[in-house]
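We did not get these values from a lab; they are worked out from the coordinates using the rules stated. Every value quoted in this text rests on a predicted model; they were computed, and no experiment measured them. Because the Cβ atoms are built from the backbone with ideal geometry, glycine has one as well, and the counts that use them run over all protein chains shown.
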Amino acid sequence: MILKDNFFTIQSQNILENKADFRVALDVENFIYKAHFPNRPISPGVCLIQMVVELFNTLQGKNFSIKTLKNVKFTAPISPLEFPQIDVLLDFARNDNYYQIKAIIKEKETVFAKISLILL
């Protein structure tokens, strides 16, 4: 399932050589939030991981898939009612035939997740 332009939309992006910062808006009306959870929507962790992959795909202009989730830490829940927009910071390096990605999902001083993964 593609989440971009459905679960979230890109509001802005700043791209450097091996880094990218995205400002994304979460769609509280998305059906995922109706199930997770009714009357108290929380962004599912799996959707946050998929968001990171799709943002990197957008950045590179092609589709990658997850080879390995190296480290995933969810440090605070993301309610789209409280945080309708969040920042996704990507730091990446290419190694032969894969990319190593480190992502931080945050809003101001609140860090929601730190994700490290390898994409093919």
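Multiplying the residue separation of GLU109 and ASN39 by 0.36 nm and subtracting their alpha-carbon distance yields 22.6 nm. Sorting LYS102, LYS73 from the fewest to the most surrounding beta carbons within 10 angstrom yields LYS73, LYS102. Note: relative contact order over the chain, using C-alpha pairs below 8 Å and six or more positions apart, is 26 percent. For a paramagnetic label modelled on LEU81 (point 7 Å from Cα along Cα→Cβ), amide N atoms under 16 Å away belong, within the stretch 8-51, to 26-44. In percent, how large is the relative contact order of the stretch 54-120, given Cα pairs closer than 8 Å and 6 or more residues apart? Relative contact order, the stretch 54-120: 39 percent.
In terms of its Cα atoms, the chain spans 46, 26, 25 Å along the principal axes, sorted from long to short. Extension gain for the segment LYS19 to ALA93, taken as residue separation times 0.36 nm less the Cα-Cα distance, is 25.7 nm to one decimal. Each helix, a run of at least 4 DSSP H residues, gives -39500 (n - 2.57); summed and divided by the residues of the chain, these come to -5000 deg cm²/dmol at 222 nm.
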